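Laboratory data are not the source of any read-out in this text; all were calculated from the coordinates shown. Quick caveat, the model's predicted, so the values are computed rather than measured. Cβ sites come from the backbone with ideal geometry, for glycine too, and all protein chains shown count toward neighbours.
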Amino acid sequence: MKQELKTLPNHIGFIIDGNGRWAKKRGLPRSAGHKAGSETLSLILKECFYTYNIPIVSIYAFSSENWKRPKQEIDYLMSLFEKYTSDDFIKEFPDVKLNIMGDESKFSSKLASQCQKTASITKNNYKYILNLGINYSGQEELVNAFNSIIKKGIKSVDRETIKSHLYTSGQPELDFVVRTSGEQRLSNFMLWQIAYAELYFPKTYWPSFNKKQLREALLVFQSRNRRFGEVK
Ligand code: FPP
């Protein structure tokens with residue numbers, strides 16, 4: 001009998017790792033792994049939002065360190081991001097708010113204007129949110145938050161002040177983070193928001209991650225005993 005899923009995360013994050021290795025294993029170029037990874041992303045987002053009704057999904061698609069990759073790979077990834085954040089996004093996810101996390105100053109003008117346009121068109125979608133990390137760094141997010149606070153002349157901060165200056169202002173923190181491909185690192189992903197998240201590291205490469213494995217991951221989340229520092 002199928003085990004019941006009763007406790008679901010409100011906010012789930014994915015570090016979508018292993019696209020290059022997935023391609024290599026099949027004798028394909030890395031770009032094929034990224035393309036397959038973008039298809040997996042759509043599948044998993046739909047499952048999270050529409051099957052499980054998880055309201056917030058955060059994705060680490062490109063870190064501020066990823067610029068060190070070969071130009072050809074970066075160009076290909078940027079073209080995927082351009083396609084993903086275009087009107088296609090609104091067609092595929094008409095009720096999802098697109099919230100870009102990351103330094104847009106390094107985006108191409110096309111990617112930047114498109115992200116701004118799609119973010120603006122979807123900004124009143126309150127039911128579901130996709131936080132999409134492109135040129136994202138968790139440490140940089142905190143540096144930017146502190147600088148904005150200083151600029152406002154605020155002399156003393158508490159957690160709420162910091163939270164309200166992050167890309168995820170107004171959102172609950174991460175409950176659960178899945179990093180595919182077996183790597184067990186956070187790699188600068190949402191350092192503030194991850195404080196109490198449960199972590200899960202399946203060995204599967206991201207393009208092979210599927211509905212069944214998502215369900216398994218959610219069962220793992222459900223099985224964890226979250227104490228938030230208390231004795232329970
Ligand atoms: C890390 O794994 C993944 C990336 C740097 C890129 C992830 C982006 C995509 C899959 C494109 C889809 C996303 C959107 C938003 C359209 P890796 O590919 O470096 O894998 P490896 O460690 O096996 O080489």
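When you count the other C-beta atoms within 10 angstrom of each residue and take the mean per peptide, 173-179, 219-225, 141-147 line up highest first as 173-179, 141-147, 219-225. What is the sum of charges, Lys and Arg at +1 and Asp and Glu at -1, for the other residues whose Cβ falls under 13 Å from the Cβ of TYR60? Net local charge, TYR60 excluded: -2.
When the inverse distances between all different Cα atoms of the chain are averaged and flipped, the Kirkwood radius reads 18.5 angstrom. Positive contributions from Lys and Arg (+1) and negative ones from Asp and Glu (-1), summed over other residues with Cβ under 12 Å from the Cβ of GLY33, come out at +3. Residue-normalised convex hull volume from the C-alpha trace of the stretch 132-225: 116 Å³ per residue.
Based on C-alpha pairs under 8 angstrom that are at least 6 apart in sequence, the chain has a relative contact order of 29 percent.
Stokes-Einstein diffusion of the stretch 85-151 at 10 °C, 1.306 mPa s viscosity, Kirkwood radius from Cα pairs, rounded to a whole number: 124 µm²/s.
What does the charge count around ALA119 come to, taking other residues whose C-beta lies under 12 Å from its C-beta (Lys +1, Arg +1, Asp -1, Glu -1)? Numbers along the way, then the final one.
Numbers: positive: LYS97, LYS117, LYS123; negative: GLU104.
With Lys, Arg at +1 and Asp, Glu at -1, the neighbours total +2.
Estimated at 0.36 nm per residue, the fully extended path between LYS71 and VAL143 surpasses their Cα-Cα distance by 23.2 nm. For the peptides 32-39, 53-60, 207-214, 102-109, the ranking by mean Cβ contacts within 10 Å, running from highest to lowest, is 53-60, 32-39, 207-214, 102-109.
Using only C-alpha positions, report the orientation-averaged shadow area of the convex hull of the stretch 1-113, nm², one decimal. For the stretch 1-113, the mean projected area of the Cα convex hull comes to 8.9 nm².
Here is the tail figure for the stretch 11-52: Cα pairs spaced more than 15 Å apart come to 45 percent of all pairs.
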